[in-house]
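The values are calculated or read from the model by the stated rules, or taken from the named source; none is laboratory data. Owing to the predicted nature of the structure, the values given are computational and were not obtained by experimental measurement. Every residue, glycine among them, receives a Cβ derived from its backbone with ideal geometry; neighbour counts consider all protein chains shown.
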């Protein structure tokens, strides 16, 4: 899998990064399709009163959910939210855009 395509491989450079990309894709599906069976089950069990972006790791969770949480972290790094009417925004805890050129989200230190 790590070989270049010209030598019969799949062309992946880093399997760990590829895995994180696929987990982020699953996280994105939770956000985009909240009515799917998978989304409803995970929401009922792990984040019943919030969105999956605000879910945190509990003591006893499945391997699947722990992996999806890693994908959510990756997704949050590149995500920019629109404010809209400001209904679901927590001004003190949500990340804000910085002024510098990197546009890396500013997150509160915990």
Set 105, 95: member being under 20 Å from residue 17 (Cβ atoms), surrounded by 12 or more Cβ atoms within 10 Å (Cβ to Cβ) and modelled with pLDDT under 85 = 105
Segment 46-65 - residue that is touching a helix residue (DSSP H, G or I) at 6+ places or on another chain (Cβ under 8 Å) and in a helix (DSSP H, G or I) and, of those, surrounded by the most Cβ atoms within 10 Å (Cβ to Cβ) = 52
Name the residues in segment 5-20 that are surrounded by 13 or more Cβ atoms within 10 Å (Cβ to Cβ) and touching a helix residue (DSSP H, G or I) at 6+ places or on another chain (Cβ under 8 Å), would you?
-> 12, 20
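Just checking, how many residues over segment 24-39 are in a helix (DSSP H, G or I) and surrounded by 12 or more Cβ atoms within 10 Å (Cβ to Cβ)? Step through it out loud before you land on a result.
Start the filter on segment 24-39 by keeping residues that are in a helix (DSSP H, G or I), which leaves 24-32, 37-39.
Next, from what is left, pick out any that are surrounded by 12 or more Cβ atoms within 10 Å (Cβ to Cβ): 24-31, 38-39.
So the answer is 10.
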